[in-house]
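Scroll down for the structure; my scribbles are underneath it.
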Amino acid sequence: MRHSKKAKPPEIVELEHGRYMIKAGFLQNTIVARAFPKPPSKFRHLVAEASGKTTADAIERLIEKLEALRSERRVLRRADPALEPGVPTTEEYADALRSLSPGPKLLGVLHDHALSRRRGMQLADLAKAGDYSSVQDLLNAYEKLGADILKMIEPDEVLKSGLPVVMHLPEHDGLPSTDLAALQPELQDAILHLLGAERRTG
């Protein structure tokens with residue numbers, strides 16, 4: 001008895017580009033390349049896609065699209081004296097947060113902080129509510145997050161401090177624990193878009 005050979009399913013090509021994982025292959029008789037946030041991101045969010053005559057062609061078009069997207073967003077950034085590359089757009093913040101997937105403790109504090117909107121919160125109250133041992137402990141977490149966000153968005157930029165990426169800082173240096181502090185408005189919007197505009201319980 002003769003066995004007919006089964007056609008091999010088209011190979012899926014995977015590669016990394018910046019903070020994205022690109023997957024390319026046949027999809028409904030079309031060669032498509034798609035970009036997603038790469039691990040350790042917990043989000044399966046489609047960032048962009050492109051089709052082409054070959055897998056390599058589709059990947060090349062997708063990379064062009066990702067670079068164009070980056071350039072468009074760069075133009076839309078708000079100027080801030082504390083941030084040389086400008087304040088990331090809400091979409092850039094949302095993309096970076098999806099890719100970084102901060103832990104529940106930090107996400108909880110960011111959500112509380114974002115819910116305070118433009119009026120901000122006392123840093124001492126925020127640190128206590130978020131179970132941080134001190135204001136400095138909280139600021140250290142914000143500093144690291146800000147540096148990680150910028151590294152994702154502008155990998156070639158060298159930043160003196162990651163704090164202005166997260167918080168809207170007044171002109172002076174240092175933040176006394178009694179100070180009201182607000183998140184960058186674009187970051188607030190990104191967090192509320194991702195986590196919702198209601199306080200989570202439990």
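The values are calculated or read from the model by the stated rules, or taken from the named source; none is laboratory data. Keep in mind that what you see is a predicted model, and the values were worked out from it rather than measured. Quick reminder, even Gly has a Cβ in these numbers, built from the backbone with ideal geometry, and neighbours come from all protein chains shown. For the accessible areas, the whole protein counts, side chains as well, though only heavy atoms, and no ligand, DNA or RNA atoms are used. Shrake-Rupley method; radii C 1.70, N 1.55, O 1.52, S 1.80 Å.
Scanning the stretch 126-157 for residues that are under 22 Å from the mean Cα position of the chain (by Cα) and basic (Lys, Arg) returns Lys144, Lys151. Does Lys105 satisfy the condition of being open to solvent by 40 Å² or more (accessible area, probe 1.4 Å), farther than 16 Å from Arg19 by Cα and part of a loop (DSSP other than H, G, I, E, B)? No.
Being within 22 Å of the chain's Cα centre (by Cα) and at pLDDT 95 or above is a property that Val166 has. Of all residues in the stretch 127-161, those being assigned to a helix (DSSP H, G or I), within 20 Å of His111 (Cβ to Cβ) and small (Gly, Ala, Ser) number 4.
In summary, Lys151 fulfils each of the numbered conditions (1) closer than 24 Å to Met21 by Cβ; (2) basic (Lys, Arg); (3) in contact with a Pro (Cβ under 7 Å, 6 or more places away or on another chain) with the single exception of condition (3). Which of the residues that make up the stretch 51-99 are small (Gly, Ala, Ser), closer than 18 Å to Glu16 by Cα and open to solvent by less than 10 Å² (accessible area, probe 1.4 Å)? Result: Ala58, Ala96, Ser99.
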